[in-house]
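No value in this document is a laboratory result; all are computed from the given coordinates. All values derive from a computational prediction rather than experimental measurement. Reconstructed Cβ throughout: ideal geometry from the backbone, glycine too, with neighbour counts over all protein chains shown.
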Amino acid sequence: MNADQNIATGLNFAPANTGERGINPVIAEKYKGRTACVIGSGFGGLALALRLQSHGIQTTIVEARDKPGGRAYFWEKDGFTFDAGPTVITDPPCLKELWELTGHDISEDVELMKVHPFYRLNWPDGTNFDYSNVDEELNAEIAKLNPDDVIGYQKFLEYSARVHEEGYVKLGTVPFLDFKSMLKAAPALVKERAWRSVYDMVSSYIKDERLREAFSFHTLLVGGSPMKTSAIYALIHKLEKDGGVWWARGGTNRLIAGMVRHFERLGGTMRIGDPVVQVHTQGTKATEVETKSGWKERFDAVCSNADIMHSYKELLGESDRGRKYAKSLARKSYSPSLFVVHFGLEGSWPGIAHHMILFGPRYKELVDDIYKHGVLPQDFSIYLHHPTVTDPSMAPKGMSTFYALVPVAHLGKMPIDWDVEGPKFEKAILDEIGRRLIPDIHDRIVTKFSYAPKDFQADLNAHMGSAFSLETVLWQSAYMRGHNRDDVIDNFYLVGAGTHPGAGIPGVVGSAKATAGLMLEDLSVK
């Protein structure tokens, strides 16, 4: 990346000196002369590129947009910093490992800050529930809603720990390339009743409906319906309980910036603002990457962090494999999209938690409207992000940064005109926040803008505007999800939400570890 590109990204990268740390020369010799291209610089793409570069593979990241980050994009407007998302950082060790590969520490580039409580959940009747990993506090919050569920929660926690061990620790970074690998994992999944949904499993331990919502909503943050997503995803609770919930000072974009800085420190190359238009193939090999500007380069291996449908239908669209697999992907189910309102307010709001869930009056019925019926609901639930309560640097002094996120059906289920419906939906969301938290919200707004499903489609090439790629259901998991290495083009790989294990920062960073293992084995000098 040259100086002009540094300025264009807005990330202010500073040159770094590795000193005695860096790529192990013995390992580097094993991959001497090997090259790789990673298409897309989301968390999965950056994590993969860091692993490859850490082993001495000369790696180039090609990013279509004017800044790295993928879904972790950001905007600066009127002195406010707005992260596009994700905003919840869990399992810091999976991120720290990316620096430790070369003897570095993540703190050189990123400051992680604890968030407490993790979430404040709020219902229309005014009930609040502060969700954290402090046992005494959490048990008190549960008892406040239903004392009998304290014991049930402990049983649910034990279940969450078991599926965390089976689904995340043992299988989260293992590529599923054939059905035999799926069969090996099946007994443990059957034992833990993976065919049941997260909501069903929570309900088997917990009786209060509000607490059932409190311990099952997490699947919505990775694009899955609590009523359909495999109970294995109850592992998220254990993941948060053990590792906490964190924030990167300056925004999630600073974590992206730190990853890019470390990648370049190790000698990696960034190519920003130049979309890949085609991955050329010859027989069963990906041979060359071509971008919109006309740049072309040959690589030993190519990996796509782009949307999975875009990867096959467009980037590999001139190959038989690309056309055939795109048809197969078209028959799969995709996660919903999102409508996000970003806004900056006058004033500080110490009483509004960093992360809030404002539940609507319906839960199961609302989820059905989004996942089944393609209806734009009027009684939505809102994920409210308020980073300035933790990190005032996200807004001008005396002001606050927010975003309000509402899951909505993707464009395939709900092909409405968002240019018409978006402004009305935005007002309804802000009205609801005003009714429940900030009565004079409209008078305090300094700046605002919205991001709709059509923007996910246009900016991220997301199939039908899906925010999380393939839906997280059991029959689209592991072997039935996109494979970390293509079945036909043997030096073309996938990383990110469309491949195993799925969406969310730990998920896509885990996919990078699985894919890197395959690439390192394939690229080693024999």
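Tabulated data
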{"read-out": "Spatially proximal lysines relative to K397 (Cα-Cα < 16 Å; intrachain offsets below 8 disregarded)", "value": "K77"}
{"read-out": "Surrounding net charge for D109, when Lys and Arg each add one and Asp and Glu each subtract one, Cβ distance under 12 Å", "value": "+1"}
{"read-out": "Dipole moment magnitude, nearest 20 debye, the chain about Cα centre, only Lys, Arg, Asp, Glu C-beta charged", "value": "1260"}
{"read-out": "Computed lengthening from R298 to K184, 0.36 nm per intervening residue step minus Cα-Cα distance", "value": "37.3 nm"}
{"read-out": "Most positive-pole-ward Cα, F425, L437, S450, against dipole of the stretch 417-492 from beta carbon charges", "value": "L437"}
{"read-out": "Charge-dipole axis of the stretch 94-218 as Lys and Arg at +1 and Asp and Glu at -1 on Cβ define it, positive-most pick from L177, V163, L95", "value": "L177"}
{"read-out": "At R0 = 30 Å, FRET efficiency that the Cβ-Cβ distance of R249 and A428 yields, to 0.05", "value": "0.35"}
{"read-out": "Mean residue ellipticity (222 nm) of the chain, computed from DSSP H runs ≥ 4 via -39,500 (n - 2.57), nearest 500", "value": "-10000 deg cm²/dmol"}
{"read-out": "For the chain, the spread of Cα positions along each principal axis, largest first, Å", "value": "64, 54, 49"}
{"read-out": "The chain: relative contact order as a whole-number percent, Cα under 8 Å and 6+ apart", "value": "22"}
{"read-out": "Lys/Arg +1, Asp/Glu -1 at C-beta; the chain dipole; positive extreme among L411, H237, L494", "value": "L494"}
{"read-out": "Cβ charges +1 (Lys, Arg) and -1 (Asp, Glu), total dipole of the stretch 336-460, debye", "value": "200"}
{"read-out": "Using alpha-carbon coordinates, inclination of helix 320-330 to the longest axis of the chain, degrees", "value": "10"}
{"read-out": "Fewest-first ranking of I142, I27, I433, using other Cβ atoms within 10 Å as the exposure measure", "value": "I27, I433, I142"}
{"read-out": "Relative contact order (%) - the stretch 341-472, alpha-carbon pairs under 8 angstrom, separation at least six", "value": "30"}
{"read-out": "Shape box of the stretch 374-434 [Cα atoms, principal axes, largest first, Å]", "value": "41, 21, 19"}
{"read-out": "Counting DSSP beta bridges with both ends in the chain, the antiparallel % (nearest 5)", "value": "70"}
{"read-out": "Under 23 Å from the Cα of K184 - lysines, other chains or at least 8 residues apart", "value": "K170, K513"}
{"read-out": "Burial order of peptide ranges 450-457, 359-366 (average beta-carbon count within 10 Å, highest first)", "value": "450-457, 359-366"}
{"read-out": "Magnitude of the charge dipole, the stretch 350-420, Cβ model with Lys/Arg +1 and Asp/Glu -1, debye to 20", "value": "160"}
{"read-out": "Residue-wise HN-Hα coupling along the stretch 460-475, computed from phi with Karplus coefficients 6.51, -1.76, 1.60 (Hz; x: Gly, Pro)", "value": "10, 6, 6, 4, 6, x, 4, 8, 9, 6, 4, 5, 8, 10, 4, 7"}
